[in-house]
Structures are given as structure tokens and as C-alpha cells.
Amino acid sequence: MRVVVTGATGTIGRAVVRELRKRGDDVVALTRDPGSALQVLGPDVELHQWADPKGEPPPAAGLADADAVVHLLGEPVAQRWSKQAMEEIHNSRVLATRHLVEGMAGAGARLHTLVSQSASGYYGPHGDELVDESFPAASEDFLGEVTVAWEAEAKQADELGARVALMRTGVVLSKGGGALEKMLPPFKLGVGGPVAGGRQYVPWIHLDDVVGAFLFALDDAHASGPVNVSAPRPVTNAELSKALGRVLHRPAFMPVPGVAVKLLFGDMASIVTSGVRMVPKRLEELGYRFRRPDLEDALRDATGR
């Protein structure tokens, strides 16, 4: 299969590209900086420059003869949400996806699948309620609004005859980057602990299963519409903190007040102090087998312990 990947140099993108190459697929990366991407991805990946995803469609040559697209492009959410940052978070997802689909329109009938990154932020906070793909979007929530608009642009590929899978991804545990990069320093110093009381749920998932789920959706003709990408058993922030403490052999009882998180991150603190008990109902219905469903096993691998 010839697969085009956007966001290929990110944490998830690098892992997806590696797995696609390992199984023998031809991989094309659409990238702002081909020189830098070559250093990250190696010479076996075909590179095409997409200099301005927010302003123009990708080059036709980058989508020529493609069978599928895995779309991972987007400004990181985990930053202080200034007005400029919020605009970038929105546009890097919504406008880039719009232009990607415009480019797909000229790629021909061979391009049959779009596996598009989405986010658990679609749902907003739901307390202890188990949340599957049937739940509505958060109506008055920045990330919810962004995700709704993001998915709406991806769904336009339906009109091209493509199968569209919307991968609502939770909190990714990985060796480099992601949530653990910010959690590890205080825990290693023995001053880690639950945030804002710790009762909020974390829809965690190991990077191996993010990659597994994306490739599963790429291959399975029945994978379309929203797909929650999270481990079968979400945990509370307190449970995650305790598990990380056990893995690191460090105490995990120093509470972090919600007001301190708010001072540090501003409005972005809402994604840390609230949560969603998201479950991967659709993945399980389709028969996906999780590679790392156990939290402590996932944390051991992600921390190298």
C-alpha cells in the first residue's frame, strides 16, 4: 500500500512511519521541511514539501498514486493558551485538514481511505460517566469546538468516496514527548502526586496501541466514523499517579492544587484538572487486540523501567 502521512516527524508520526515501513508499505511524508524530515525519517521515506498547510493544498505529486492518508498534523495542545496559541491550535487542525481534503479531490479514485487524528477533547468533561463514540460533543468548550470543526473538515472526504476514520486519541504514554515528559521530573524528585484532587479520569493509551489502532483502522474496511483511541480501562489521575510512583519507586502523595496548575498553564489547565472516562467501544467491537492494556506495563515501557 502507498500511504501518505502528515505530521510524520512528530512522536506518533515517527512511530506510524516506522511500523508502515516495517510491514512493507511505501510511505510518503508531506512536510514543511524536507531536509529536517530526511534526518528524522531516513532515506526510505518519499518526501514532498507542503510549505503552508494552513494556506494551500499539498502538492499533487505528494498524493499521486496514493491508496490512503494518515493525517496527524496539528499544533501541540499542551502549552499556555494565549490568543495566538489558540488560533494556531485551531487553524493547524481545521484549515490544514480542509486543504488536505482539497488536495485529495484531485488525487483520483485510488485514494480510498483517510485515517484522521482527532482527540478525546471532543467530549469535554463527563465525571465518572463511561463515554463511548455515541456521546455528543462538548458544546461550550474550546477543545470540543476545535475538534468538531476538525472532524467536519475530515468528513468532507466522504464526498470523494473515501472511507474516513476519526481517531479520537486520549493521553499518549511514550518514551519521548507527550504527557510523561511533563510528569516525570517531579516524580523522579519524589514530589509527584495527584492533580486537583485526582478524581478526574485520564483516557490513557500507550504509543504502541496508538500506532496499532491507526494501522488497524487503515486496514479494516469497517473502521469508519469516530473511533476512540484509548486503553480499555481509563483510570483516575490519582490512580495514574500511584502507578507511576510504583514504577519509578518514588512516593506519589504530594498533591498539586488545581489553582497552581491554573497559574502555570492558564486556560489549558482545564484539560489537566478535568477529564473524561473514555472507552474504546468501537475498536473492541471491530476486534482490535490491545498490545499494552495494563497501565503499569505501559508505564514501565514508556519510562524504561
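The values are calculated or read from the model by the stated rules, or taken from the named source; none is laboratory data. Remember, predicted model here, so these are calculated numbers, not experimental data. In this analysis, Cβ positions are derived from the backbone assuming ideal geometry, glycine residues included, and neighbour counts consider all displayed protein chains. In case anyone asks, the SASA skips ligands and DNA or RNA and just uses the protein heavy atoms, side chains included. Shrake-Rupley method; radii C 1.70, N 1.55, O 1.52, S 1.80 Å.
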> What does the helix-only formula give at 222 nm for the chain: each DSSP H stretch with n ≥ 4 adding -39500 (n - 2.57), the total divided by the residues, and the result rounded to the nearest 500 deg cm²/dmol?
Replying inline: -12000 deg cm²/dmol
> Across the chain, where is the longest run that never hits GluC sites (Glu not before Pro) in a DSSP loop with at most 15 other C-beta atoms within 10 Å?
Replying inline: 141-305
> Just in the stretch 91-136: which trypsin sites (Lys or Arg not before Pro) are loop by DSSP and have at most 15 other Cβ atoms within 10 Å?
Replying inline: 110
> By how many degrees, 0 to 90 and rounded to 10, does the Cα axis of helix 11-22 deviate from the longest principal axis of the chain?
Replying inline: 50
>> Rounded to whole Å, give me the distance from the Cα center of the stretch 279-299 to that of the stretch 130-153.
In response: 22
> Rolling a 1.4 angstrom probe over the protein heavy atoms, how many square angstrom per residue are accessible across the stretch 136-203?
Replying inline: 44
>> Charges on Cβ only, +1 for Lys and Arg, -1 for Asp and Glu, centred on the Cα centroid of the chain; of 225, 251, 99, which one is farthest towards the dipole's positive end?
In response: 251
> Where does the stretch 111-153 land on the Kirkwood hydrodynamic radius, alpha-carbon pairs, in angstrom?
Replying inline: 11.3
>> Suppose every Lys and Arg Cβ carries +1 and every Asp and Glu Cβ carries -1, with no other charges. What dipole size does the chain come out with about its Cα centre, to the nearest 20 debye?
In response: 1180
> Length gain on complete extension for the stretch residue 140 to residue 52, per 0.36 nm per residue less the alpha carbon to alpha carbon distance?
Replying inline: 28.7 nm
> Which loop-located trypsin sites (Lys or Arg not before Pro) does the stretch 160-192 contain, where loop means any DSSP state but H, G, I, E or B and the Cβ has at most 16 other Cβ atoms within 10 Å?
Replying inline: 175
> With θ set to phi - 60° and the Karplus curve 6.51 cos²θ - 1.76 cosθ + 1.60, what are the ³J(HN,Hα) couplings of the stretch 220-225 in order, to the nearest whole Hz, using x for Gly and Pro?
Replying inline: 8, 5, 8, 7, 8, x
> Can you work out the base-10 log of I(q)/I(0) for the stretch 106-255 at q = 0.19 1/Å, using the Debye formula on its C-alpha atoms alone?
Replying inline: -1.17
> Given C-alpha coordinates of the chain, what is the ratio Rg to Rh with the Kirkwood estimate of Rh?
Replying inline: 0.96
> Quick one: what do you get for the stretch 1-156 if you divide its Cα Rg by 2.2 N^0.38 Å?
Replying inline: 1.07
> So how many Lys-Lys pairs in the chain land under 26 Å Cα to Cα, not counting same-chain pairs under 8 apart?
Replying inline: 13
> Considering only 205, 113, 7, whose Cα is most displaced toward the positive end of the charge dipole of the chain, charges sitting on Cβ of Lys, Arg (+1) and Asp, Glu (-1)?
Replying inline: 205
> Which is farthest toward the positive dipole end of the chain among 238, 177, 62, measuring Cα position about the Cα centre, with Cβ charges +1 (Lys, Arg) and -1 (Asp, Glu)?
Replying inline: 238
> Relative to the longest principal Cα axis of the chain, at what angle does helix 83-105 sit, 0 to 90 degrees, rounded to 10?
Replying inline: 30
>> Rounded to whole Å, give me the distance from the Cα center of the stretch 216-234 to that of the stretch 5-64.
In response: 22
